[in-house]
Amino acid sequence: MNSLTISVVKKKIPTKQHCLKVASLLQATEGVIYMRGGLEGNRDDTDIELQFRQESNFFYLT
């Protein structure tokens, strides 16, 4: 059996700097982004809707 070492890195990821860099490169003054988070569906051969389930990898923007 091999030994496995797991370590935790406490270094912060510079997401704010990346966001600002991307925004400056886009140079957009106005616009809209539409992001669909999931699909609605119906049960086969019925008019009953399936329960909506959001994509698990979708993050809400606020």
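Values in this text are rule-based calculations from the coordinates and carry no lab data. In this text, all values refer to a predicted model and were calculated from it rather than measured experimentally.
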Q. Using 0.36 nm per residue, how much length does the chain from SER3 to THR46 gain when fully extended, once their Cα-Cα distance is taken away?
A. 10.0 nm
Q: Mind running the shape call on the chain? Use the C-alpha gyration tensor, a ≥ b ≥ c as the square roots of the eigenvalues: rounded below 1.5 for a/c, prolate if a/b tops b/c, oblate otherwise.
A: oblate
Q. In percent, what relative contact order does the chain have, based on Cα pairs under 8 Å that are 6 or more apart in sequence?
A. 19
